[in-house]
Structures are given as structure tokens and as C-alpha cells.
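See structure below.
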Amino acid sequence: MSTELPVLTKKDFQSDQEVRWCPGCGDYAILSCVQTIFPQLGIPKEKFVVVSGIGCSSRFPYYMDTYGFHGIHGRAPAIASGLKATRPDLEVWIATGDGDAMSIGGNHLIHTLRRNMDVKILMFNNRIYGLTKGQYSPTSELGKVTKSTPVGSVDYPFNPLSLALGAGATFVARGVDIMQPHLRDLLTRAHAHTGSAFVEIYQNCNIFNDKAFEYMSAKQVRADQTVEVLHGEPLVFGKEKDKGIRLKGTALEVIHFADGHGPEDCLVWDETDPNPALAFMMAQLGPPDFPTPIGVMRNVALPSYDYGLVHQLEEEIESKGSGKLEDLIYSGELWTVGEGGQVTRGKAVADPG
Amino acid sequence: MSPETKAKSASANRLEPVDEVVVRFAGDSGDGMQLTGTQFTSTSALLGNDLATLPEFPAEIRAPQGTLAGVSAFQVRIADYDIHTPGDAPDCLVAMNPAALKKSIGDLKQNGVLIVNTDEFHDRNLKKAGYETNPLDDGSLAAYRVTQAEITTMTHRALEEMDLDSKAKNRSRNMFALGMVYYLFSRPLDTTVEWLELKFAKRPEIAEANVKVLKAGWNFCEITDQFQVRYEVEPAKLAPGVYRNIMGNSALSIGLVAASRRSGLPLFLGSYPITPASEILHELAGYKTFGVSTFQAEDEIAAMAAAIGAAFGGALAVTSTSGPGLALKSEAINLAIMTELPVIICNIQRGGPSTGLPTMTEQSDLLQAMFGRNGESPLPVIAASSPADCFDTAIEAARLAVSYMVPVILLSDGYIANGSEPWRLPKIEDLPDLRVDFRTDPEGFEPYMRDEKTLARPWAIPGTPGLEHRVGGLEKENVTGNVSYDPANHQLMTDLRAEKVARIADEIPPMSIDGPDEGKLLVLGWGSTKGAITGGAQKARAEGLEVSCAHLRYINPFPSDLGDVLSRFEHVLIPEMNMGQLALLIRARYLREVVSMTKVQGKPFFRSEIQAKIHEILGAENVH
């Protein structure tokens, strides 16, 4: 194969299908982001596969001019796992939503993460069921009033980052639909990671849950209501870069530089820490007492499932030789019945006919 | 002829030729009865007998010792002619404890040989088995020829000089029983001796102990003249060829590997452990040198979904399961139907509904296989009819899947999955050529364009430049594969998906009828009932009855000449291990009345039951 790849552009990844999300939906921004970074990854176009489940976000593959698989509700990680396990040469991405990934497909999600299958999971979190027209989701906040919870939900939401960390995910990150440069960076880093990459993307559903993330993503509050987690950097935030987060005892707390603290007092983030405890603590942060963390919470190197699987096959073949069908069939205790009906042990030299 | 009929004319300890015998070894789970039965089978196979075996083990892994729940049994039938089943009733029963006796004695033929280990017939064990009095003393076994042997005591005596603990000595008891049975049926010991020496090559003292006890069992019978009559079964006249004894799940696994090799496609199995299908996962996991990938999924749904993903990527994709698992896979199977991807779904049926009878057999998933999905969702359904036939059926399932780009359901069941029979090994070059052509040419490519003959869409796998396309569960426009809600297109696609499956009938070979191809009665079956049906019909025909039988491998679609075949018989009898599922399909499809014969007792049909039913229908005398 030639080492020179054709130069790909965003346009190469736009399919001829009319995009049918509601006008103003956050999904448009995520689609644009993915279409922008795919041509920059140095991968031939035919090697990309986008797999999805069911829900608004899961229409994603139809709009990408790559190989695509629009699956069934919740099963995208399982479909993608079978594909990646047998075709490790492919670049497999999953588009899923909070209902698809956290509710009906929760089992597949955690096991895919546990196995460190080399797939990139983009979970569009709009904290609502959109395609079924507005029921609460497993990430909706307690007390959420929806069509299926007219006086408020009484169940507690999942924190997707905590769930992913708890499942042993090796790459865990959070981005926001409207924060494009940041999101592009996250997705590029997800690609660079070997193994499962879980990226939660806050995504606005302007029909059923509008402005769900305004509290942290609106331009005027963003700097004070988010903290960008950067590997090797102290956790500093605020419009004036005048606040930070430090570890005190076994808890995180916000410190104000006006009180005599400085960046040197802040926790320096280590995304490669094999112990996920701090990442788990970070994942818990949010209003009213804390800014919402965004960025890469965890990024540790472990061999992927597909690598392990293929490696085992290669090792076995190398040490024992490629299996011969004849040997497989003609194994065990054999006996031969001759033309005259005589029985001899084993496979007789004469052609058995 | 069975031993007891011959026995009448036998003088003391005379060697009597018989044409077949059925032996059942029964004991506690820890008594090694499966191994004992397997050894008897191997020895008989190498003597050239035809044979069939049926194991029976408890659902619990370690059921309490000495209880009825803990009984493990292995039945083997050997014969000097072509047989089809592991036999109805044993001629000889080995009972290693009271529970084993209680569970099996009802099946033993009148005047059959009963060998019991008297050492185990003490009060505690008798109580555990629910005996109020000792059956060895109370006359309740008068109808059988009982051989009482202190098997445990004599085993220990044989090993007196050996430096083994009591537990280790106990473990070779089964060899004593096997030695006795070898004596009774005039089998040589060398096959088992060699096997023991190989198996315990690293622990020669264990091999030695087992060989000693095996010989002690034989010698005990010879010296004490235990049996009035000994029996001999001549080799069967099997077709020339190389044979091995094979269990259904093993044959199925090897068949899948063969299909992988003959298609050039890497084999992928997505599976979740479930009885009685797990052996397929175990066996294929061991075939890594054949490039076989096995994926133990988190659940049944993921197993099927992963198989679909693998198929999309160009693998020969398989999932294996049993009834409850098939139910969980339904939605994903429909995704394979909709995306028109080849997946082989192996359903090793067991007793249902719900968890049902995991270790016992049934054929009650036929309608689930046919219809257990939402929407109009036809797919090919084929069934294996015997342990060795699982090999051919697996290859055929693969052929249908990749030729027609459809998921295929392969039905087997616990009876043939765990049962065994001699398999006449095929020549590799005689196996079908399953090579497939992936689409590579972008010129004029559309994902849902169709092959004229099979209506299959092209298999265009990721990584192929210029063929980027999207598939999914939403209805697709024919040819372009674009999502379509157009009413006429949905009708067309529904018709096409059905037509694709229906066209398979064009290449199904004409039905083979055993017996006259027209007449009074046809016994029609599918799946694992073949042995009992063939045996029963042949017996009845030998008695002068006008009966034929035929067996279906293809259930969807039916063979195209099935309607014609049915019309040539006055009566049609359909025996099934369910409540009449094939009968329902036949009635619906051909609008003809059939006699439905059903059995759901977790056990296969006896040949004699089929024979009796044939007599009943034809108004003849009862079975002799």
C-alpha cells in the first residue's frame, strides 16, 4: 500500500443524506466537530466505521460518509465490539446518547469499558429522551418534571464519568457541544488513546430540555462555572484565573487566590494516575459549590481487548502452526472399517473411500 | 435380539452372540460414570460395533452425595447392525449406590442384568434414596438377574499393597464395575488400559491402581462365575471408511471450523454460557490455531450483536445458545435480517419454558425459531438429526448464510448435543466450497442491490475504498439502502426478504423416503427424533406394516416436494418432543390433517413408542 494518503477534507466525511435533527440541536455541532477531525487523523477514509444505537444521536452514522451501522437500542458497544475484535485494523467510533448508553445499553457500555475494547464512545448527554419525545433519562436531575414524571422524578441520576471510571475505563473525558475547539481536542486525544475512550458530551436539546447546561456553558458564566482539567497543570479556573481547586484531607475544595493562595497550592492534575480515586472525586464536582470539570479525567495505558485477542491467536499459530482441518477432523480415537468390513485401529493407510 | 431372550437357551457361563445390548452405568456424580461409559464406548467402537450413547447428569454441579438429585448416568447401546438411538431400555444396569438404583431400575428390562455395589447399600444411603427397606433383601428385584458385588471392598483389597490414600483408592471403584461389564460382554481390556496409561502418564501409580482394579473386576467375575451367560456382539457392517465417535456439540464446532476454512472467512463466535450449548464455546475457544476468535459476551444480546458486528466486518459470524438465550437474541436477530448480514445462530434446545429443564432435552423452540421476532421476519431454519449430522448441518447453515446474506437458525438439542455416535469422517476435498466474493468494485455499487438468483445484497466490508455505506435497523430503500418510510418500498422489501428465504427451496434436494414412497402411513420428523422414528418405522415394516418415514432438515423453507410427498400417504404421523409445533406448521401450510404425537418429558422418544403408535394408526396388533 502506498504510504501517501489522499488529502481528505471535512467534505469527504459529509454523506449525501439530509440531516434531520431539529434546528438548533446540539448534535449539529458535534457532527461538524467529528467531520472536522476525521480528515486530520491520517487514516484512510474507508477504515472508519461509525456505529450507533437508537435515539437522536444515533442517527449520526447516516450523516457521516464512512462505513456506518445504525444498530438497535443500547447495543452499539456490542456491535462495535464484534467488529473491532475481528477487524482491529478499523477505526471504530460509537455515537450514543444518555438513554442509549446509560439505560437500555448500560450493561454493554460497562463491559466494553472493562475490556478496554479499542473503540471511541461519544456519549451525547442531553439529560432527556428526545426521540421518544421528552421522558426523563438516567442522567436527568432528581425531581425532573417530564411527560413521564409529571410531578418530578424520584430516582437519582447517573454521573456518566463516575460510571465509566467505576467500570475501569482507561480514557474518560467530558466536553460540551458548543465548546468546539476544546471538543475537537478531546476527540483527537480519544483517537490517540489505545483502548476504550469514553467522552461525555454535554449536548443541548432545545426542544425537550433547552438550556440544560446554560449554568456552565453560557459565555458569561463559563469561565467561573467550569474548570478545565489539563494534564500536568494546576486546577485553576475563573475569568481572572483567580481560583483553584486543592486537595484538603480526603476532599477537594475551591480556593480563592485573593485569600493569599496561588496556583502552587492547587492540585496538579495527573490523568495517568493508575489509581482512579482522584478522577472519581473530580467527576463528582459541580454546582452549586464547585465548577463543572471538563477535559480528560483519566488516560492510562493498558493493552486493548482486541489486541489481546489477536495476539493470542498469533502466538498460538506461531507456536503450534496454523491448524489443519484434516488433522482436526481426523483426531481422537479413530478406527477404520475396510472394504471387507474388517476393523482396524487408527486411520488405515489405504484410502478409506 | 436382546440378551435375555437368548439367555433362556444358554448353559452356564456360555458365550452367547446377541445382535445388540444396551448398558447403563449409574452412580453418584463423583463415581466417574461418564468416564466409565465412555471407555465402554471406545472399546466397543474399536471392536467395530455400531453404537449410540446418551449421558444424563444432574443440573447441580455438586448435588449432595448419595441423593437422587446427584445421580449421573451414561447409557450406551452397541450393536452388530446399523442403529439409530442409544436404546429404549437397558439390558444391563450398573448401580453404584441406592439412589442410582432407584432412579434407573424402572427402565431395566425384565430379566435384565443388574450389577450393584452392595457396599453402598447401608442405612444412610438407603434413606437418602428414599428406600424404607433394602431392595437387595426385600425381594423387589426378583424380576432381574442381580449380581451383588462388594465393589468398594474389593477395590481396596486389590490396592492393598499400594501406597494410596483411601480417597484415591475409592476413586478407582468405577474401574471395577467396568471390568465386570467388560467380562459380561466379552470386551478386551487393552483399550482402557492404554487409555489409563496415557491419561496418567505423569502419575504412573494412579494408572497402575486403575488397571489393577479394572483387572480385579474382570477376575472377580471369572473366578466366582458371576454370570450364567456372557454375551458377545459382533462388529456391525458399517460402510467402509475412517470413523471416530463424536458428540453433537463437538461435531457442530468442528463443522463451523470446516465452514470457516472452506469459505476462507475467519470464524467468530459471540456467546454467553448456557446449558447445553456451552461446550461449543469451550471447544471453539480451543481452536485458536484455526484463527477462531471467541468472545464471551456480557449477555445473550451482546453475543448476538457482536456476531452481527463481526459479520459486517467480513467474518463467518456465529452465536450459540439455548432457548432462553434465543429469546433474548430476538431483537438482534431481526437486525441481522434487516441489515441482511450472515450470522449462524445455533440453538441447542432444552426443556422450557423459562429456565425449564436445563440439562434435559426438548424440541420446543421450533416456533420460536420460526416466529419469535417482531414484524415479518422470516429466516432459514434448519435442524440437525443426529450427533454426527451436526457437522454437516453446521456447514449447510454457513453456506445458506453467506450465499443468501441472511441469519440462519440451526436447531440442535440436548439429546444430540451430548449424545454420541460413530462419525464416518469426510474427505476434506468432498466438503462444499463456500468461498465468497466480497464486493470490491465501487463502479455501480449500491448496498442493497441484489443478486438475480439469490436476491442477496453485496457483502461490502469496511476497509474497501469507495464502498462506504450505512446499514441499520430502519427500513431501507431497495438498491440504495437509504432510510425509507415509503409504503410501497416497505411492501417490496418485506416481499424480498421473504422471497430470499423461499428461494432456498429451489436447491433443497428432493426428500428421501425410507420405505415405499407412497402408501398408508408416513412418519415425518425433524431434528433429533430421526433415530427413534427410523428405528420404529423399520421395526414396524419388518413386522409387515406399510409404513414409511422421512425426515426434515429444512424447516424454513420446507423442501419444495414436501406437499407432494404428504399427498401420497393416507396418514401422516408427526412425533415431536414438543406439543405439536411441526404438526401446526404442516397443517397450516398444506391444509392436511396429521396425527401429532407429542412428548415433553425431557427425554427422547423410545423407538418402541413410535412403533406402538404406528401399530395403533394402522390398526395392527400391538408391538411384539
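The values are calculated or read from the model by the stated rules, or taken from the named source; none is laboratory data. Being a predicted model, the structure only gives us computed values, none of them experimental. Neighbour counts are summed over all protein chains in view; Cβ atoms, including those assigned to glycine, are modelled from backbone coordinates with ideal geometry. Surface accessibility is based on the protein's heavy atoms, side chains included, excluding ligands, DNA and RNA. Shrake-Rupley method; radii C 1.70, N 1.55, O 1.52, S 1.80 Å.
Kindly indicate whether any position in segment A:259-266 is closer than 27 Å to A:VAL50 by Cβ and free of Cβ contacts under 8 Å to residues at least 60 places away in the same chain.
No, because not a single residue in segment A:259-266 is closer than 27 Å to A:VAL50 by Cβ and free of Cβ contacts under 8 Å to residues at least 60 places away in the same chain.
For the list (1) facing chain A (nearest Cβ under 10 Å); (2) farther than 12 Å from A:LEU83 by Cα, I need the number of the one condition that B:GLU283 fails.
Only one criterion in (1) facing chain A (nearest Cβ under 10 Å); (2) farther than 12 Å from A:LEU83 by Cα is unmet by B:GLU283, namely (1).
Is one or more of the residues making up segment B:416-426 open to solvent by 30 Å² or more (accessible area, probe 1.4 Å) and within 15 Å of B:PRO557 (Cα to Cα)?
Filtering segment B:416-426 for residues open to solvent by 30 Å² or more (accessible area, probe 1.4 Å) gives B:421, B:424.
Narrowing the set further to residues that are within 15 Å of B:PRO557 (Cα to Cα) leaves none.
Scanning segment B:416-426, I find no residue that is open to solvent by 30 Å² or more (accessible area, probe 1.4 Å) and within 15 Å of B:PRO557 (Cα to Cα), so the answer is no.
Being within 20 Å of A:ALA85 (Cβ to Cβ) and touching a residue at least 24 places away in the same chain (Cβ under 8 Å) is true for just one of B:SER293, B:SER250. Which residue is that?
B:SER293
Name, by its number, the condition in (1) open to solvent by less than 60 Å² (accessible area, probe 1.4 Å); (2) facing chain B (nearest Cβ under 9 Å) that does not hold for A:ARG345.
Going through the list (1) open to solvent by less than 60 Å² (accessible area, probe 1.4 Å); (2) facing chain B (nearest Cβ under 9 Å), A:ARG345 breaks only (1).
Could you tell me which residue of segment A:124-141 is nearest to B:ALA297 (Cα to Cα), considering only residues that are surrounded by fewer than 24 Cβ atoms within 10 Å (Cβ to Cβ) and not basic (Lys, Arg)?
The extreme case among them is A:PRO138.
Please report, ordered by residue number, the helices (runs of 4 or more DSSP H) entirely within segment A:33-128 with at least 2 residues that are over 21 Å from B:LYS329 (Cβ atoms) and touching a residue at least 12 places away in the same chain (Cβ under 8 Å).
Hits in segment A:33-128: A:60-63, A:106-115.
Inside segment B:240-317, counting only strands (runs of 3 or more DSSP E) that do not spill past its ends, which hold 2 or more residues that are among the acidic types (Asp, Glu) and open to solvent by less than 20 Å² (accessible area, probe 1.4 Å)?
Values: elements: B:241-247, B:267-271, B:293-296.
Filter on segment B:240-317 gives an empty set.
Look at A:THR96 and say whether it is within 7 Å of chain B (Cβ to nearest Cβ) and polar (S, T, N, Q).
Spelling it out, it is not the case that A:THR96 is within 7 Å of chain B (Cβ to nearest Cβ) and polar (S, T, N, Q).
Can you tell me which residues in segment B:33-91 are basic (Lys, Arg) and open to solvent by 10 Å² or more (accessible area, probe 1.4 Å)?
Answer for segment B:33-91, where residues must be basic (Lys, Arg) and open to solvent by 10 Å² or more (accessible area, probe 1.4 Å): just B:ARG62.
Kindly indicate the residue of segment B:472-482 that is touching a Ser or Thr at 6+ places or on another chain (Cβ under 9 Å) and within 8 Å of chain A (Cβ to nearest Cβ) and also surrounded by the most Cβ atoms within 10 Å (Cβ to Cβ) among those meeting that condition.
B:GLY472
Pairs needed: first member in segment A:297-321, at positive phi; second member anywhere, part of a helix (DSSP H, G or I) and surrounded by 13 or more Cβ atoms within 10 Å (Cβ to Cβ); C-beta distance under 8 Å; at least 6 residues apart or different chains.
Partner pairs satisfying both residue conditions: A:GLY321/B:THR289.
Given the condition out of contact with any Ser or Thr (no Cβ under 9 Å at 6 or more places or on another chain) and small (Gly, Ala, Ser), answer yes or no: does some residue in segment B:108-129 qualify?
no
Only one of (1) open to solvent by less than 10 Å² (accessible area, probe 1.4 Å); (2) assigned to a helix (DSSP H, G or I); (3) touching a Lys or Arg at 6+ places or on another chain (Cβ under 9 Å) fails for B:PRO324. Which number is that?
Going through the list (1) open to solvent by less than 10 Å² (accessible area, probe 1.4 Å); (2) assigned to a helix (DSSP H, G or I); (3) touching a Lys or Arg at 6+ places or on another chain (Cβ under 9 Å), B:PRO324 breaks only (1).
I need the full set of residues from segment B:427-439 which are farther than 18 Å from B:PRO342 by Cα and open to solvent by 20 Å² or more (accessible area, probe 1.4 Å), in order please.
Residues of segment B:427-439 that are farther than 18 Å from B:PRO342 by Cα, as a first pass: B:427-431.
Within segment B:427-439, B:LYS427, B:ILE428, B:GLU429, B:ASP430 qualify.
Can you find, within segment B:429-471, the residue that is farthest from the other protein chains (Cβ to nearest Cβ) among those that are without any contact (Cβ under 8 Å) to a residue 60 or more places away in the chain, acidic (Asp, Glu) and in a loop (DSSP other than H, G, I, E, B)?
Ranking the qualifying residues of segment B:429-471, first place goes to B:GLU452.
Please count how many residues of segment A:287-342 are within 35 Å of the chain's Cα centre (by Cα), within 7 Å of chain B (Cβ to nearest Cβ) and among the β-branched types (Val, Ile, Thr). Even if it seems obvious, please write down each step before you answer.
Initial filter on segment A:287-342 (within 35 Å of the chain's Cα centre (by Cα)): A:287-318.
Subset that is within 7 Å of chain B (Cβ to nearest Cβ): A:309, A:312-313, A:316-317.
Subset that is among the β-branched types (Val, Ile, Thr): A:317.
So the count comes out to 1.
Kindly indicate which of A:GLU264, A:GLU318, A:GLU326, A:GLU271 is among the charged types (D, E, K, R) and open to solvent by less than 30 Å² (accessible area, probe 1.4 Å).
The match here is A:GLU271.
Name, by its number, the condition in (1) open to solvent by less than 10 Å² (accessible area, probe 1.4 Å); (2) over 30 Å from B:MET449 (Cβ atoms); (3) over 18 Å from the mean Cα position of the chain (by Cα) that does not hold for B:GLY351.
(3)
Only one residue in B:LEU335, B:LEU328, B:LEU256, B:LEU238 is under 16 Å from B:ILE409 (Cβ atoms) and at the interface with chain A (Cβ under 7 Å from one of its Cβ atoms), so which one is that?
B:LEU335
Between A:LYS84, A:LYS144, which is more than 23 Å from B:MET304 (Cβ to Cβ), among the basic types (Lys, Arg) and buried (at least 17 other Cβ atoms within 10 Å of the Cβ)?
On inspection, the qualifying residue turns out to be A:LYS144.
Tally the residues that are more than 8 Å from chain B (Cβ to nearest Cβ) and more than 18 Å from A:VAL176 (Cα to Cα), restricting the search to segment A:24-47.
So the answer is 6.
Looking at B:GLY356, B:GLY264, B:GLY375 in this structure, which one is at positive phi and out of contact with any helix residue (DSSP H, G or I) (no Cβ under 9 Å at 6 or more places or on another chain)?
B:GLY264
Can you tell which of B:TYR485, B:TYR448 is within 22 Å of B:GLU376 (Cβ to Cβ) and surrounded by fewer than 17 Cβ atoms within 10 Å (Cβ to Cβ)? Break it down stepwise before answering.
Details: B:TYR448 fails: surrounded by fewer than 17 Cβ atoms within 10 Å (Cβ to Cβ).
Only one candidate passes the filter, namely B:TYR485.
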